[in-house]
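Undergrad: Pasting a structure below so you can have a look.
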Amino acid sequence: MSRWIYVFTALAALSWQLCLVSGKCNECQATNDVACINQTSYHLCFGQSTPNTAQTFTCPEGLVCTEQPNICFQRTEIPSSCGDTSSCGLCNENKVFACTSLHTFSFCYGGPTPSAVNGTCPSGRFCDASSANICVSQATADSIICHLDSIE
């Protein structure tokens, strides 16, 4: 019976954490007037609240779609504003923590599921599940980033 309580508690904690985040794909960004549709492609917004889907633009090789004024930026400098969410809420390889959004994380304490103990990265840093530092200021080619934004 206590095993089921542990399972339900873990699922409830994970569900609660996932309710705190939302993706930013297909949303017009005020900083550059584009809507990233994946890690490397975007639509222009032309000052509107919805993207114009008549044309799809793709960042050059090695660049990702960001909220920066330049739109496309080096992945090793800034993570994309819309991308892979498959790693969100999964404990990292060492089972130390899980990135629950781009800027938040939960400790795993050696277990397979995140606990209810949460943290937030300092300003200018984001969660990277491939790093022992949890929050980093630059991505690498091996970075594992949860591309969800926290709802403030």
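The values are calculated or read from the model by the stated rules, or taken from the named source; none is laboratory data. It should be emphasised that the depicted structure is a prediction, and the values quoted were computed from it without experimental measurement. Don't worry about glycine lacking a Cβ; one is built from the backbone with ideal geometry, like all the others, and counts go over all protein chains shown. Quick note on the areas: whole protein, heavy atoms, side chains included, nothing else; ligands and nucleic acids left out. Shrake-Rupley method; radii C 1.70, N 1.55, O 1.52, S 1.80 Å.
Undergrad: Identify the residue in the range 40-70 that is outside any strand (DSSP E or B) and hydrophobic (A, V, I, L, M, F, W, C) and, among all such residues, is surrounded by the most Cβ atoms within 10 Å (Cβ to Cβ).
TA: Ranking the candidates gives C59 first.
Undergrad: How many of the residues in the range 95-127 are part of a loop (DSSP other than H, G, I, E, B), touching a Pro at 6+ places or on another chain (Cβ under 9 Å) and either of a type in the set (K, R) or closer than 18 Å to F73 by Cα (or both)?
TA: Matching residues across the range 95-127 total 2.
Undergrad: I need a count of the residues in the range 71-98 that are open to solvent by less than 70 Å² (accessible area, probe 1.4 Å) and within 14 Å of E61 (Cα to Cα).
TA: Qualifying residue count, the range 71-98: 6.
Undergrad: For the structure I just gave you, tell me whether D149 is within 9 Å of the chain's Cα centre (by Cα) and open to solvent by 30 Å² or more (accessible area, probe 1.4 Å).
TA: Yes, satisfied.
Undergrad: In the range 112-137, what residues are without any contact (Cβ under 8 Å) to a residue 40 or more places away in the chain and among the small types (G, A, S)?
TA: G119, S123, G124, S130, S131, A132, S137
Undergrad: D84 - would you say it is modelled with pLDDT of 95 or more and of a type in the set (D, E, K, R)?
TA: no
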